[in-house]
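Below is one structure; the comments refer to it alone.
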Amino acid sequence: QNATIKLRYGTAFPADHPGTLRITQAAEAIRRDTGGKVDLQVYPNSQLGSEPDMVSQVLAGAIDFMSTASTNLQTRVPAASINGVAFAFKDYTTVWAAMDGGLGAYVRDALGKVNLHVFEKCLDNGYRNITSATRPVNTPADLKGFKIRVPAIPLWVSMFRMLGAAPTVIPFADLYSALQTRVVDGQETPLSLIRSGKLYEVQKFCSMTAHTWDGHFIFGNARKFQALPREVQASLTTRFATAALKQREDIARLDVEAQAEMTRLGIAFNRPDPAPFRKLLRDAGFYAEWRRKFGDEAWEMLEKYTGPLV
Amino acid sequence: MIEHAAEPLASPAHAARTARTAGTPPPASARWGRILACLVELPAALIVVAETLILGGGAFARYALHAPLPWTEELAGILFLWLAMLGAIIALQRSAHMQLTTFISRLTPQRRAWVDACGMWMVVAFLLLLVQPAWQHLVEHVEVLTPTLEVSEAWRAAAVLTGTVLMLVTALIRLFERASRTQAALSGVLVGLGAGALWLLSTGLMELGNANLVIFFLLMLVGCVAIGVPIAFAFGLSTLCYLALSTATPLSIIPNRMQEGMSHLVLLAVPLFIFLGGLIEMTGLARAMIQFLAALLGHLRGGLQYVLLGAMYIVSGISGSKAADMAAVAPALFPEMKQRGAKDGELIGLLSASGAMSETIPPSIVLITVGSVTGVSITSLFIGGLMPALVGLAMMALVVWWQTRKEDMRDVPRPSGRALLKLLVVALPALALPVIIRTAVVEGVATATEVSTIGIFYALLAGVLMYRQFDLRRIYPILVDTAVLSGAILLIVGCATTMAWALTQSGFAQDLVSIMSAVPGGKTGFLLVSALAFVILGSLLEGIPAIVLFGPLLFPIARMVGVHEVHYAMVVIFAMGLGLFAPPFGVGFYAACAIGRVSPDVAMPRVWPHMAALFVALVLLTLVPWFSIGFL
Ligand code: NA
Ligand code: NA
């Protein structure tokens, strides 16, 4: 009865990222809550594997918990990546209303059907913005023929193709050198990643397009979670929720700091009007296509928070 | 790295085996060999061609047509996993997996046969235990779709299962064909008893905690490597036993980690550069270049030695593989050098040391591997690697100058300017190749992964149009050799990735971090300890396994103590190269002996001046970061 329960938590966030630090704090709190019985080890920086691979490990029971972007879950549950729809959430109030409300519940429920227990509050990974070495992006015309690195996420590949850009899939490990040698003209990631990946060294412009918002779900193997003692389940649930809420505040603060620091380092920021981008996507049939792929039920849940998109 | 050259040096016992095999062809093996040829070799060769076209086409579409194809990466990745597994099967059939033969080669043929049989049973045990987890891994992925092509992930997972099953069959056939029935049965019982004993102890083992790391990753692993179990299988078996017997981890983690380890797309540069290395030798590009250098420097004291150094430096910049470099350079120069009075041992010393020196010259496979497992930019590594090799080159040139200062050069004719010019014109397309490769990377025409395809198309064109030397019948063997070499390297990467996962989740990684960051002397202390550790690891484990296993654990510490990661990479690679090519354990040394056709006993006492020169270069690199990062 007194044997310790060893739990493993994997994440791709670096060791000094709030997405890791707040979970480490939660691990300490969980240890206290359970009288030292639960030992939750946090492995940052993809030490246990890439994100899609860690998902396999969670499902196989090799690790217990992890966090990752919803877009990495779409290969298993298509609706999981619905928060990645282009220009959907106009601000953070809308984001949290949707993710802590009906949309989040809908996705968590869908993930539950493939044996994933998703904790209620998700982590913030920030809005994604476009950086470039050649020119700022102010209107969709600036994206014409623009070679932009995107992760291998069909939703985003199709978004940039419909915006007239030339999306190129390159692994993140090769991104810095691809930008440096101009294999691509630019890339799109959240501010925190632009800073931690030192991408500002090889880019001149950062256009705050905020074209999609990206969050990290915290989840584990549902059967393994249910098998844990009640009080351990309760402690994990409360502590992860607290960690997520604090992490969101950290990111809000860090985004401001990151922008100030990169401005000092010579990056020119601009804030384009999202309306023409959205119109172009609507005319090109982007929203209609993805409504079909996500299904009406999921889409209506999204539009409940964002207003009509199609 | 030693690669396929390892085989010729698995000497006496191997020679005996070959003789036996040649005398009466064993029917089972011959039949299986034919089956493998259709089932495995042909698809593997076709995949190498397909990868060249996909990657080259992807770069062309993006750079020339401004219309990148998002699916090329994923398709290349799936095919790559198949190539690695198919190559690993053929490598097992041909005994081309890297192994340590230092100890077992000293045994009498009789004892050696017993040890070999035990070793092969270990391989069989690993593969047998892997079949079920690999099947489970496949089942788990049937419903998952790949992100871009949206086909089932089972296409990837099936490669691991297929590889496991076909390797198992190959290993069993080889076991029964090489050992007598008594040997096979008795050694099988012995290995089985050992396994049974471990299994009975497993409840006790679970309570030992991290002491199990010593049992499995020190005793068992070192034991397996010492009796000549191929390193990849030794990694795999000790990890599998550790996870199965002392933890509650599901074993499907093993195929899972193997698959991910073998799927880093940057590693695709490995087979493509091996293929390019084979091509430049076949098309005569390498020979044209050496002839020009020999005419330029040959009449000086030690001139041919300088030519060898220079040629290794340049050829290394084209081919990713060490064995290909040495094979392209040595046979063209050694006869003439011996005629001028160079001693056999000194030549091997020079060849070995230049092999070690060129480990950091882009596009070395070690550089690519470091980049892929640690996330350090490969472009930075490609830029940073040129100077460290030059430092090694300068140190070795000093040794050559000392050793040949009394050479009698009266009879050596000096070529006319006209003749020299003619040779230069012939050599120009060959000399241009490293420049083209470098320019393509620096100018953003292609990524470090894609650039090899540019080299391949160039070498093909130059071979056909300029050198008129292009033997279509030789292409197929080169393609199969490429697959074999890639399979041997990638299986190690896959198994080492699995082992690194086991070490990380045990908490060993954190312990290592606290030990290494407490090394006295700050940055310099950390660098010196790392250099020493990698000389030893390079000598015992070879380069790639050592790097794949410890790179992901040590690079973050380097960052933490403030060492530039490119500087750290250069120190570690150079140290590892020194260990790899230093007798008595370094396999690279034996590869050099095999290629130069000199007995290791003759060579061993005479290689030390060159090794000392490399050691001095290593100390310089460690203390002066500028050599590594001054040009970034
Ligand atoms: Na090289
Ligand atoms: Na990587």
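The values are calculated or read from the model by the stated rules, or taken from the named source; none is laboratory data. The shown structure was predicted, so the numbers you read here are calculated from the model rather than taken from an experiment. Cβ coordinates were reconstructed from backbone atoms using ideal geometry, including for glycine residues, and neighbour counts include every protein chain displayed. Just the protein is used for accessible areas: all its heavy atoms, side chains included, with ligands, DNA and RNA removed. Shrake-Rupley method; radii C 1.70, N 1.55, O 1.52, S 1.80 Å.
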Peptides A:210-221, B:339-350 ordered by average Cβ neighbours within 10 Å, highest first: A:210-221, B:339-350
Solvent-accessible area lost in complex, 20 Å² minimum, residues of the stretch A:173-196 relative to chain alone, 1.4 Å: A:Ala173, A:Asp174, A:Ser177, A:Gln180, A:Thr181, A:Val183
Relative to chain B, whose Cα atoms define the longest principal axis, helix B:72-93 and its Cα axis are tilted in degrees, nearest 10, by 80 degrees
Interface size A-B, as summed buried accessible area [1.4 Å probe, Å², nearest 100]: 2900 Å²
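Once you average over the residues of B:438-451, how many Cβ atoms of partner chains fall within 10 Å of each Cβ?
3
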Once you have the Kirkwood Rh of the protein assembly as shown from its Cα pairs, apply Stokes-Einstein at 20 °C and 1.002 mPa s and quote D in µm²/s. 73 µm²/s
Less than 11 Å from a label point 7 Å out along the Cα-to-Cβ axis of B:Ser202: which backbone N atoms in the stretch B:255-295 qualify, by residue? none
Out of the total accessible area of the stretch A:267-309 (probe 1.4 Å, heavy atoms of protein only), what percent is carbon and sulfur? 52 percent
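Give me the dipole magnitude in Debye, nearest 20, for the protein assembly as shown about the Cα centre, with unit charges on the beta carbon: positive for Lys and Arg, negative for Asp and Glu.
Using only the charged Cβ atoms, the result is roughly 1520 debye.
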Compactness of chain B as Cα Rg over 2.2 N^0.38 Å, two decimals: 0.94
Could you name every residue in the stretch A:55-79 that has 30 Å² or more less accessible surface in the full protein assembly than in its own chain alone (probe 1.4 Å, ligands and nucleic acids excluded)? A:Ser56, A:Gln57, A:Ala60, A:Ala62, A:Thr75, A:Arg76
How much accessible area per residue does chain B have, in Å², with a 1.4 Å probe? 37 Å²
If you look at just the Cα atoms of the stretch B:265-632, how large are its Rg and its Dmax in Å? 20.3, 68
Quick one: with all protein chains in place, what share of the accessible area of chain B is carbon or sulfur, to the nearest percent (1.4 Å probe)? 70 percent
Is there a pair in A:Lys90/A:Lys279; A:Lys90/A:Lys198; A:Lys90/A:Lys304; A:Lys144/A:Lys198 whose C-alpha atoms are over 19 Å apart, and which pairs would that be? A:Lys90/A:Lys198; A:Lys144/A:Lys198
Highest mean packing first, using Cβ neighbours within 10 angstrom, the peptides B:416-423, B:210-217, B:609-616 sort as B:609-616, B:210-217, B:416-423
Express the carbon and sulfur contribution to the solvent-accessible surface of the stretch A:19-166 as a percent, rounded to the nearest whole number, probe 1.4 angstrom. 52 percent
Looking at the protein assembly as shown only, what percent of DSSP beta bridges run antiparallel? Nearest 5 please. 55 percent
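Two-decimal Rg/Rh of chain A from alpha-carbon positions, Kirkwood Rh?
Over the Cα atoms of chain A, Rg/Rh equals 0.97.
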Counting other C-beta atoms within 10 Å, and keeping those with at most 14, which DSSP coil GluC sites (Glu not before Pro) do you find in the stretch B:142-234? B:Glu143, B:Glu150
Specify the angular offset, from 0 to 90 degrees and rounded to the nearest 10, of the alpha carbon long axis of helix A:102-112 from the longest principal axis of the alpha carbons in chain A. 60 degrees
Give me the distance between the Cα centres of the stretch B:473-489 and the stretch A:161-178, rounded to whole Å. 32 Å
What residues of the stretch B:55-85 lose no less than 30 Å² of accessible area with every protein chain in place versus their chain by itself (probe 1.4 Å, heavy atoms only)? B:Arg62, B:His66, B:Pro68, B:Pro70, B:Glu73
How far, in degrees from 0 to 90, does helix B:344-357 lean away from the longest principal axis of the Cα atoms of chain B, to the nearest 10? 70 degrees
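At 20 °C and a viscosity of 1.002 mPa s, what translational diffusion coefficient does Stokes-Einstein give for the stretch B:228-365, taking Rh as the Kirkwood radius over Cα pairs? Give it in µm²/s as a whole number.
122 µm²/s
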Accessible surface, chain A, averaged per residue in Å² (probe 1.4 Å): 38 Å²
Need one value for B:498-505: mean number of C-beta atoms belonging to other chains within 10 Å of its residues' C-beta atoms. 3
